[in-house]
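Worksheet: one structure, shown below.
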Amino acid sequence: MRRIRDLTKANALAIGILGFIALLIGTSLYFAQPDKKWLWVSALGIGIALWVGLLAFHFEDVLRYLITQRGRMGANAVLSSLFMLGVLALLIYVSDRHNASLDWTKTKRHTLSPQTLKVLKSINKEIKVVAFYDVNSQEFVRVRDLLKRYEAANPKIKVLVVDPRKEPALARQYEVTGMGVTVFEADGRRERVSFGGEKEFTGALIKITRDKKPTIYFLQGHGEHAYDSFADEGYGMLKSGLERLNYQVKELKLLTEKSVPKDCDVLVIAGAQRDLFPQEKQAIKSYLGKGGRLLLMLEPDPAPSFSDWLDEWGLEAKPGMVVEPANNILGDPAAIFAFGFRFHDITRPFQKAQSEAVLFITARPIKRKTNVPSGVILTELIETSAASWREEKLQGVVRKDPDEESGPFILAAAVEKSVTDKKKMRAVVLADSDFAANQFIRNLLNGAFAANCIHWLAEEDVLLDIPPKDEPPQTLFLSRQQTVFTFVWSVIVLPLAILISGLIVWWTRRS
């Protein structure tokens, strides 16, 4: 026993340091890997055993040491350190269970949109999300961080981001053969997203958690754009995009159907070239009278103007087409780059997109009537500038004649009208239909604007405002003098000042 006492006394400092290190390692492992209980319990046990053994063998020596002034100062330092470690451990414990973050980026790229948060709050079932990305890529980090924000917003969402090369069995289970695939799974239903962002991920969550899909009907049979064609004039790309966003897209031929189907959430009339029969118009009017939703896209003469409907909404469609040569770079005076977005739920995502526009190809002149009927809420979404005018015959050199009507003209308008205490009729009137055709839908904001019109009509507001959050690169450029100054101060002056201060303190205490 005496031999052990002598041995521990000779190595008391080393034993104390080893015990402290073991306690520090055990505490760290408890927070870092709480599931490996045997590991952190062992480390804590070794640390406690070393300290308790040291005190047990040298209890009297410790008491005598603590009575001295040096001992009291040492004990005070130890207790202060233990107190600070306890405070730090408490902070770590609290932050681990109640985490909060602040997003200081200009575009709030690390914050989920209000619409996504609304979807997440409505989810009350277990959802598993597995993303397969190259662990060494930036995309791995981006997707992992984004999905972790989904998980933090709703604990029912469980996220796993893996490299398929390191987890081949999991990749086979989800039938994944490459990188960049995220699989959302709930109640046996799966939805796959390739290289997606917030909008695509939220859309996937909607698909696997909602039983009903909104149904969009495209009226056909009057020269409208073919809703499922991928030719230049077709709407196949718009249809595919809507289906990816959890819509059902169908065609409607009122001459055979007789009435608008009950499951119709939005009816689209895309550039009809011939007028509808009276019974067709009556069927649509009856549908709107029950709170229906209509996207009406017009074309210039000789296409029908649907003046009877527009008149009820406080609008007037005029003959000819709108031209605005000052706002055109394509060489076609009828093509208009529309920048002026008025505030509305449909246009809210585009309010800051001052350098982007919707490209209208052949727009029919639309004006607001002096007296809008009572009960109708009419909002102009996009207008031309005052430099535009109505051209009845687009031939030869295009210039404004004194007798031609001046702008601004309405290119897009939203209409709301209460039909009952709980139901509202909604309509969006557009001056052009070609802008959403396959040939032009990828230009500028054309596709996003067309989709937002349908989202608003279908009351799928969650999809209205999830724009991409690309953070512009923040690059600091230094001149040669600034570079030299920064180098000298950070690499030479400051380290040297610290070194000299340390030497002065050491020399002062030594003397």
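What pairs from 239/318; 156/199; 367/400; 128/213; 36/121; 128/422 go past 26 Å between their alpha carbons? Let's see the in-between values first.
Details: 239/318 30 Å; 156/199 20 Å; 367/400 18 Å; 128/213 21 Å; 36/121 33 Å; 128/422 37 Å.
The pairs that break the limit, which is 26 Å between Cα atoms, are 239/318; 36/121; 128/422.
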Amide H to amide H, which residues 5 or more places from residue 131 or on other chains are under 5 Å from it, using H placed in the peptide plane? 160, 161, 162, 183
Taking H as built 1.01 Å from N, whose amide H comes closer than 5 Å to the amide H of residue 215, not counting residues under 5 places away? 248, 265, 266
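Between rounded, prolate and oblate, where does region 114-209 land on the alpha carbon gyration tensor, with a ≥ b ≥ c its root eigenvalues, rounded for a/c under 1.5, else prolate if a/b exceeds b/c?
prolate
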Name the lysines eligible as straight-distance cross-link partners of residue 37: C-alpha to C-alpha under 19 Å, and not fewer than 8 places from it in the same chain. none
Neighbouring Cβ atoms within 10 Å as the yardstick, rank 362, 68 fewest first. 68, 362
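Take 73, 237 and order them by how many other Cβ atoms sit within 10 Å, fewest up front. Walk me through the numbers before you get to the answer.
Details: 73 10, 237 18.
Taking fewest neighbouring Cβ atoms as first place, the list is 73, 237.
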Can you run phi through the Karplus equation (6.51, -1.76, 1.60; θ = phi - 60°) for region 201-210 and list ³J(HN,Hα) in whole Hz, with x for Gly and Pro? 5, 5, x, 5, 4, 4, 4, 8, 10, 10
Tell me which trypsin sites (Lys or Arg not before Pro) from region 389-444 have a DSSP coil assignment and no more than 13 other beta carbons within 10 Å of their own. 393, 399, 422, 423, 442
Listing 38, 456 by rising number of other beta-carbon atoms within 10 angstrom, fewest first, gives 38, 456
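Which of the peptides 313-320, 480-487 is most tightly packed, and how do the rest follow, judged by the mean count of other Cβ atoms within 10 Å per residue? Mind dumping the intermediate values first?
Numbers: 313-320: 19.0, 480-487: 10.5.
In decreasing order of mean packing, 313-320, 480-487 become 313-320, 480-487.
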So which chymotrypsin sites (Phe, Trp or Tyr not before Pro) in region 210-245 pass both tests, a DSSP loop state and at most 15 other Cβ atoms within 10 Å of the Cβ? 230
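Taken together, the values in this text are just the output of simple stated rules run on the coordinates, not laboratory data. Note that the structure is a prediction, hence the values are computed from the model and not measured. For neighbour counting, all protein chains shown are included, and Cβ atoms are generated from backbone atoms with ideal geometry for every residue, glycine included.
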